[in-house]
Amino acid sequence: MTEQPQPDIEKLSECVERVLQLARQHGASDAEGSASFRAGLSVTARMRDVETLEYHRDQGLGVTVFFGQRKGNASTSDLGEAAIEETVRRACGLAQFAAEDECAGLADPQRLAKDIPDLDLYHPWSIEPHQAIDRAIECEAAALDADKRIGNSEGATLSTSSGQSVYGNTNNFLAGFRTSSHSLSCAVVAQDAGQMERDYEYTVSRRAEDLVSGVLIGRQAAERSLHRLGAQKIDTCKSPVLLSPRIARGFFGHLLGAISGGSQYRKSTFLLDSVASQVLADCVSIDERPHIPGGLASAPFDAEGVETQDRCLVEHGVIKGYVLSSYYARKLGLQTTGNAGGIHNLVVSHTDQSFADLLASMDTGLLVNEVMGQGVNPVTGDYSRGAAGFWVEGGEIQYPVAEITIAGNLRDMYRNIVALGNDTDLRGGIQTGSVLLEEMTLAGN
């Protein structure tokens, strides 16, 4: 893909500086601005031919102004001078009608990042459209050719994007950094004896050269789909459950939502006032590692310019702190944790057991590879979702299972974690292996 002229960090910094200058001229007591640009290519191949080919080029500017404790926001996708002036003017106008909020304001100047480390996040990929097409077709072909029972496909998609973002505020903070992201995925449908099953595989990285080969991704997608053929229902029962890393990531994602500042302030969480409480099993520790080189969720500072730092979120099952932006930190009488905009690389501990070890430890139970539906109540912790996976007996996978529901309460599920696998999946902001739960209710026949 041929590089086209694009706003660099210097240009974006000028836009943010202009925002802050104009906000002051309009009488704002404080202001912050963020500008970003991102460009990339996405191609999807289906049934050995091109289905979609897209080039995207996105840019934006966000403005927040404060008149004392009154706040106004506005945004634009136009980085021209006239658009910047109009956006600041509108933000200032909106602030005049806003109610005062004693917790509104910029982040504490003492918490702003001073040294911006290079986290090795930027590795643009100059791949031409025809090359991207060839790689996507190759990936899907590997899946279609893997077995005659692979009769249909949702396609293989190759995506690449790179760009930069800048944040600044009137506390003399102005900084930016560049990032890139590349991925290749494939989803196919296996058919046999009137039954159809779908599954997928993918690879993602900051560096294109670190992506798993398309042929391997295609074959793995086919293999996963084939393994699901012949799925059965099981009788309703209570049983140990082993969550695969893909499912475990979402499982711990519910924990993050429960200990977020917004949930705590609104008292809309089953883990209200949980700091210093034993919430998870002793074997579970969770750390935030924002500065992992090349990490998919690494960042030198958060959306408010606050320096990101390593910290322990859970230590031997005990909650050590919440996930806070400056606003909700003030609401709770606490200090920001540098999480405005989200978490930065959550690393879950393991009990030094392989996936096979966990199957053996479970002996008889359900391995969950997919969950469906939105049956999670963040206020009560009640958990009930459709699921598919494999029935295990004697520590060995016996047959695929589908059309069942797994149910429990997240508070109990976290306390009843028996073990965590060392099969850590690094393809996301939450890095975890498989998780073995002592017991859940399985609803089937």
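For region 9-227, the gyration tensor built on C-alpha atoms gives a prolate shape. Its axis ratio a/c (a ≥ b ≥ c) is at least 1.5, and a/b is the larger of a/b and b/c. Near Leu324: Cβ cut-off under 15 Å, other residues only, Lys/Arg at +1 and Asp/Glu at -1. The net charge is 0. Note on Gln232 and Ser29: their simple-model spin labels are 6.9 nm apart, each label 7 Å out from Cα toward Cβ. Within the listed set Ser181, Ser205, Ser213, the Gaussian network model of the chain (springs between alpha-carbon atoms below 10 Å) gives the highest mean-square fluctuation for Ser213.
Starting with the highest mean, order 119-127, 387-395, 294-302 by the number of other Cβ atoms within 10 Å, averaged over the residues of each peptide.
On the way: 119-127: 17.1, 387-395: 18.9, 294-302: 20.7.
Output ranking for 119-127, 387-395, 294-302: 294-302, 387-395, 119-127.
Of the Cα atoms belonging to region 236-341, the radius of gyration and Dmax stand at 15.0, 51 Å. Amide H to amide H distances under 5 Å link Phe177 with Ser165, where only residues 5 or more positions off or on other chains count and H is placed in the peptide plane. Under the rule a/c < 1.5 gives rounded, and otherwise a/b versus b/c splits prolate from oblate, where does region 341-442 land using the Cα gyration tensor? Oblate is the answer for region 341-442, as a/c is 1.5 or above yet b/c matches or exceeds a/b. When the chain is treated as a GNM with alpha-carbon contacts under 10 Å, the residue of Thr52, Thr179, Thr170 showing the greatest mean-square fluctuation is Thr52. Where in region 9-29 does the label zone of Glu86 land, with the point 7 angstrom along Cα→C-beta and an amide N cut-off under 17 Å? Within reach of a label on Glu86, which here means backbone N under 17 Å from a point 7 Å along Cα→Cβ, region 9-29 contributes 19.
Where does each of 358-369, 330-341 land if you order them by average Cβ count within 10 Å, highest first? Walk me through the intermediate numbers first.
Details: 358-369: 21.0, 330-341: 18.9.
So the peptides 358-369, 330-341, ranked by packing, come out 358-369, 330-341.
Using only the Cα atoms of the chain, build the gyration tensor, take square roots of its eigenvalues as a ≥ b ≥ c, and label the shape rounded, prolate or oblate: rounded if a/c is under 1.5, else prolate if a/b is larger than b/c, else oblate. It is oblate, given that a/c is not under 1.5 and a/b is not larger than b/c. Axis angle, to the nearest 10 degrees, between helix 245-258 and the longest C-alpha principal axis of the chain: 40 degrees. When the Gaussian network model of the chain links Cα atoms closer than 10 Å, the mean-square fluctuations of Glu81, Glu17, Glu154 top out at Glu81.
Helix 9-25 and the longest principal axis of the Cα set of the chain meet at an angle near 50°. The value of relative contact order for the chain, using C-alpha pairs under 8 Å at least six residues apart, is 15 percent. The lysine pair count for the chain, using Cα distances under 28 Å and pairs eight or more places apart or on different chains, is 11.
Against the main long axis of the alpha-carbon atoms of the chain, helix 214-227 sits at an angle near 50°. Once C-alpha pairs closer than 8 Å and six or more residues apart are averaged by separation and normalised to the residue number of region 231-445, the relative contact order reads 31 percent.
Read the figures in this text as sums done on the coordinates, not as results from a lab. Just so you know, these numbers come straight off a predicted model, no measurement behind them. Because the Cβ atoms are built from the backbone with ideal geometry, glycine has one as well, and the counts that use them run over all protein chains shown.
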